[in-house]
Amino acid sequence: MYKLLKKTGKIRRGQFDTPHGVIQTPVFMNVGTLAAIKGAVSSMDLKEIGCQVELSNTYHLHLRPGDKVVKNLGGLHKFMNWDRPILTDSGGFQVFSLSSIRKIKEEGVYFSSHIDGRKIFMGPEESMQIQSNLASTIAMAFDECIPNPSTREYVIQSVERTTRWLVRCKEEIDRLNSLPDTINKKQMLFGINQGGIYEDIRIEHAKTITKMNLDGYAIGGLAVGETHEEMYKIIDAVVPHLPQDKPIYLMGVGTPENILEAVSRGVDFFDCVLPARNGRHGHVFTKYGKINIMNVKYEMDSNPIDEHCQCPTCRSYSRAYIRHLFKAKEMLAMRLCVLHNLYFYNNLMEEIRAAIDGDYFEEFKNKKLSDWNEKA
């Protein structure tokens, strides 16, 4: 259940009650594709750096270790030792990202495994069954993430099919939640708005899926090649036509700047691989923008990554040491930078919530954007 605690213009401050705890929104979900954060970050680390929600991938966990293995071991929470909310995506993004090894039909999508080439079929029912076996808190509906650019004719056909798939997802998750051997009988379902960069198609689809009274709604198919301006335009168009008493999730977004702009447009949930991926390559976020820790100027720098940061990395290690670890190809380098970047994102969301509570979000946003534009 979503409770709107405060609304200022389009900006929303909420609380989402789930079977695995309360989520304070706006929130950033930390991406652990295979039930682990890439960069040797544990579930205990996630708690220390303020993570509220972990996100895992349906398609990848179906391939390994297998969703039935996870179910037999007590579900994803027990498997990865995480007692807070988990959101699982549906496999819909892989329909986009693995386009060279898949074929879309009305019944679902036929894949060739990117690991060993074996044939896999995933439709709405299969996606719900896998996510039910994983026993995540929130299951995402199976959809097609449409590539950009796409023709208007193709987008219309795809969105209509995604709507038909959503109906099947809802029927199947209701059935699964009623079964005696289901681990999480209160698993929630979020629907996904699609429509490419066509505002009218997006709005019509938002109106259609709103009628289905789901637990939450996502805006999908963005951050796939369109400009930031196009993305913001679509958010502005879609959000007013989604239920205001349910969480709104912008999938796969994004940069700290993207998050601030989307919060100001009424978005509650975010996820992105960016902080962890950047960290693994020595690109770290600071109060004054992103820096590359591998630059020679940090060779003798005894300061932390960010002197304003209270993450485990900045409390204990210098830029010079972390740079040395990267140069020496030590795994600890990735771990320290991923920890820092995820803390930066989780702390940013905490600051955003405080700014909304205190009625100074616009001032906060403008100051942040100004700071990040300065030379680090």
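Computed from the coordinates by the stated procedures, all read-outs in this text should not be read as laboratory data. Please read these numbers as outputs of a predicted model, since none were measured by experiment. Glycine also receives a Cβ, built like all others from the backbone with ideal geometry; neighbour counts cover every protein chain displayed.
A few remarks follow.
- Simple label model, 7 Å out from Cα along Cβ direction - SER97 to ASP236, nm: 3.0 nm
- Under Karplus coefficients 6.51, -1.76 and 1.60, residue-wise ³J(HN,Hα) of segment 237-251 in Hz, glycine/proline x: 6, 7, 3, x, 9, 9, x, 7, 9, 9, x, 10, 10, 9, 7
- Pairwise centroid distance, computed over Cα atoms, of segment 202-217 with segment 97-150, Å: 21 Å
- q = 0.15, 0.23 Å⁻¹, segment 279-373: log10 I(q)/I(0) [Debye, one scatterer per Cα]: -0.59, -1.11
- Other-chain or far-sequence residues with amide H under 5 Å of ILE219's (modelled H): ASN193, TYR249, LEU250, MET251
- FRET efficiency for LYS327 and ASP116, using Cβ-Cβ distance with R0 set to 41 Å, rounded to 0.05: 0.70
- Antiparallel DSSP beta bridges within segment 53-272, as percent of all bridges there, nearest 5: 30 percent
- For segment 153-187 and segment 61-76, distance of Cα centres in Å: 20 Å
- Over segment 2-131: Kirkwood hydrodynamic radius from C-alpha pairwise inverse distances, Å: 16.4 Å
- Using alpha carbons only, the radius of gyration of segment 218-270 set against its Kirkwood radius gives Rg/Rh = 0.91.
- Summed residue charge, Cβ within 15 Å of PRO85's Cβ, Lys/Arg positive, Asp/Glu negative: -3
- Over all distinct Cα-Cα pairs of segment 53-272, the Kirkwood formula returns a hydrodynamic radius of 17.5 Å.
- Sequence-ordered 3J(HN,Hα) estimates for segment 321-328 from the Karplus curve with 6.51, -1.76 and 1.60 and θ = phi - 60° stand at 5, 5, 4, 4, 4, 5, 5, 8 Hz, glycine and proline given as x.
- For segment 212-350, the Kirkwood estimate of the hydrodynamic radius, built from every pair of different alpha carbons, is 16.5 Å.
- Fluctuation leader among LYS365, LYS105, LYS246 - the chain, Gaussian network, Cα springs under 10 angstrom: LYS105
- Whole-angstrom Cα spans of the chain along principal axes, big to small: 59, 46, 39
- Between 0 and 90°, nearest 10: helix 331-357 axis offset from the chain longest Cα axis: 80 degrees
- Taking every alpha-carbon pair within segment 91-153, the share separated by more than 16 Å comes to 49 percent.
- Restricting attention to the chain, close to 50% of DSSP beta bridges with both partner residues there are antiparallel.
- Residue-wise HN-Hα couplings along segment 255-266, as the Karplus relation 6.51 cos²θ - 1.76 cosθ + 1.60 with θ = phi - 60° gives them from phi, are 6, x, 5, 4, 5, 4, 5, 6, 4, 5, 9, x Hz; Gly and Pro carry x.
- The chain - charge dipole about Cα centre, Lys and Arg +1 at Cβ, Asp and Glu -1, debye rounded to 20: 680 debye
- Here the extension length gained between MET44 and ASN366 equals 112.6 nm, from 0.36 nm per residue of separation less the Cα-Cα distance.
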